[in-house]
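Please read the structure below before turning to the comments.
Every number here is computed from the coordinates shown, using simple stated rules; none is lab data. The model shown is predicted, which means the values in this text are computed figures rather than measured ones. Neighbour counts run over all protein chains shown; Cβ positions are idealised from the backbone, glycine included.
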Amino acid sequence: MKRIILATMAAFAFVSASYADETPDLMTVLTAPEPQTQLMSMVLTMQALKQGAKAHVLLCGPAGDIALRDAPKSATAPQKPKNMSPQGLMKNIIANGGSVEVCAIYLPNKGVNAEALVDGVTPAKPPVIAQRLLAPNTRIMSF
């Protein structure tokens, strides 16, 4: 009986250690058109990135506009309390190793191509996004 208990404890320790060593992935899915919601999603994504998570952002619908070189003023206007904009913080996420993609159907329905996006933002590949969403170590935030 003692051997069974020790073997169980060793297996539990091994499994716990292997999960502890994994870096969590954060997938932020942003569709909201409101600038405050867009900024808050970027704030939380940046905080997760700073705390060691791998951060991925998927912009769909009206939120995709923050990734445009010619973004609406709402995407670039500084907001209180730290005078940050959704697009500015999105660029910081990219600069700090996060990834940002627009939904695969965003660009064709906007009538533009990938050259319309700011540096570092790419069109999403649905199989890759699905794989990220289904990965056991992924946490999903949706705004």
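Going Cα to Cα from Lys73, which aspartates and glutamates come in below 16 Å? Please leave out same-chain ones fewer than 8 positions away.
Result set, ordered by chain and number: Glu34, Asp65.
Taking the Cα centre of the chain as the origin, how large is its charge dipole in debye, to the nearest 20, when only Lys and Arg (+1) and Asp and Glu (-1) carry charge on their Cβ atoms?
Value, rounded to 20: 380 debye.
In a Gaussian network model over the chain where Cα atoms closer than 10 Å are linked, find which of Gly64, Gly97, Gly111 has the largest mean-square fluctuation.
Gly111
Give me the Debye-computed log₁₀ of I(q)/I(0) at q = 0.17, 0.25 Å⁻¹ for region 27-86, equal point scatterers on Cα only, no solvent, two decimals.
-0.54, -1.06
Picking from Ile140, Gly52, Gly111, whose Cα lies most toward the positive end of the charge dipole for region 23-142 (charges on Cβ: Lys, Arg +1; Asp, Glu -1)?
It is Gly52.
By count of other Cβ within 10 Å, fewest leading, how are Thr122, Thr138 ordered?
Thr122, Thr138
Which entry is the computed P(r) over Cα pairs in 10 Å bins from 0, in percent for this structure: (1) 12, 42, 30, 9, 5, 1; (2) 11, 37, 32, 15, 5, 0; (3) 11, 38, 27, 11, 7, 5, 1?
(3)
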